[in-house]
Every structure is written in C-alpha cells, then in structure tokens.
Amino acid sequence: MTKPDNLLGFGIAESSVRFRTRGETVLALVERVLDRIRKSRTDTDIIGVLAEISASLGFRSGFVIEYATDLKSALHILDSNPQREGWLQDYVATGLRTNRSELAALLAEGGVQTFDGSRFDAESRLLSFARRVDIVELVLVPVSFDGSVIGLGGFSGNPPLTDGQKTALQLVVYSLFAQARSFRAGVSRAATEPLTPREKEVIRLSADGLTSQEIALQLGMSPRTVNQHVDNVADKLGTRNRVHTVAEVIRHGLLN
C-alpha cells in the first residue's frame, strides 16, 4: 500500500507512528486496520474493526457515537460490547446526564482524552452506572469536521499509550466514523476525474478539522473559494455534504 506523506490527510507524519505495539509497529497496525475499514460495507464490519483495534491496543471494547445537532441525542451508535446495548439512552432517560454544556466543553478539547474513577464520587449513581457499562476507565477521541464536534470514539480501559499510539487511535477513529457515516449517506460513485492539487489541499485541511475561514487564511483565498473547491469535489464524487465528501475522498485514496 502506498503511504502518503501525511496519512490520509490528517496531518499525521509517518515518523510519528513508528512505535511498536504487541509485536508490530503502529504504522503497520494503522495500515492493517485502515485496509479493513476501507473494505467494510456494514455496521457489523465496523464493529469488528472496533473489536480489533481495542484488542490491539489493550482496551476491553470500543464504540463510536454520531451525535445530533447540539449533542441533544445520538443518531447512531456502534459498539463492540453487546452487553452495553442501550446504555446511552439509559444514561439520558434516568437523569444521569444533566448538562450538555459539560459534554460539549469536554469534546471541544479534542485530542485523546483519558479518564479514570477519580472523576466520580465514591457512592454516586453515576459511578454505579459507569461500572455496569464498563466506562469507569475510559479513553475518548472527539470527532469534528468544519469546526463542529459531530461524534466521538470511546474505548473501555486505560492502557498506557505512546504518543504514536494516540495519534494512530485518532486516525483510526476518524476513518471508522467516516466509513460508518458513508453507509447512511448513500453510495457515492468513484471520481471520474482526478482531484486538482488545490482541491486536494482544501480537502486535506478539511480532514485536519479546519474551518473554511481557517483554510482560506492558510491558502490565501476567500472562504467562498474554499467552499467552491469542496463543492467541486462533491460534484465529482456524488456526495451530499462536506463530511461525506471528506470521507469519500479518504475512502477512495484520492489524496495520494
């Protein structure tokens, strides 16, 4: 597999993931998992990948959540732990979640965030709930596009992770999320013509999480021109929105 200068446009240099995990380099792990993600065609396939990456990095299980606007509800949840089914709905319905702004602030920090039992009161209902669904020890990876948080990846457990493993985890979560969303966004057609160098730059920076305004400042163009480049790529791929466009560009390897 050809390795791009920055893996799939997420600004992750190859040298930053050359660490070993359970007998293989993290780069090899990423390539193996991304190949499986690209071949995934169903939610069940994605759940299998979640189980694989969890086992490879020492987690007990993993999940991805796509949120509705303003984090009011979950649009879609995929979880490698079948015993956790319905846990988020229970969390909301039982009144354990009382403040969406706290979740929004937490996710806005980005990166890879690690939590343990110290965030709970010893006898709280929330701690009891977290134990039941195995999220006392938890690693979260927020997912954002165009400046907005749209979901997260979560992993049960708190194994020691190198910086390279954290970088790999972010890349895998974004790719899992994009692939899972593509199932519900409709089947796109492969590009009939290659992307221009400028279109690649815009999509690459969009995948890095930059807004149109930020991309415009970096590339010396107007936000309107940035959006036009995205629209041009969407026309080539037959995609429906910016997130779907970025996901399909990554899925088809068009940044190489």
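Just so it is clear, none of the values below were taken in a lab; they were calculated from the coordinates. Keep in mind that this is a model prediction, so the values were computed, not measured. As a convention, Cβ positions derive from the backbone with ideal geometry for all residues, glycine included, and neighbour counts pool all protein chains shown.
Descriptive notes on the structure:
- Taking the range 197-251 and dividing mean pair separation by its residue count, relative contact order in percent (alpha carbons under 8 Å, at least six apart): 31 percent
- Nonlocal amide H pairs with residue 75, under 5 Å, H built at 1.01 Å: 66, 67, 68
- Phi to ³J(HN,Hα) by Karplus 6.51 cos²θ - 1.76 cosθ + 1.60 over the range 62-69, Hz, x for Gly, Pro: x, 8, 10, 10, 9, 8, 6, 4
- Shape of the range 197-251, Cα gyration tensor, a/c cut at 1.5: prolate
- Kyte-Doolittle mean at least -0.5 and Cα axial length at least 27 Å: DSSP H helices in the chain: 163-185
- Which of 248, 137, 85 has the fewest Cβ neighbours within 10 Å, and the rest in rising order: 85, 137, 248
- Residues 229, 252 in ascending order of nearby Cβ atoms (within 10 Å, fewest first): 252, 229.
- Per-residue ellipticity at 222 nm, computed for the chain from helices alone with -39500 (n - 2.57) per DSSP H run of at least four residues, works out to -14500 deg cm²/dmol.
- Mean separation of Cα contacts under 8 Å (6+ apart) over length of the chain, as relative contact order %: 22 percent
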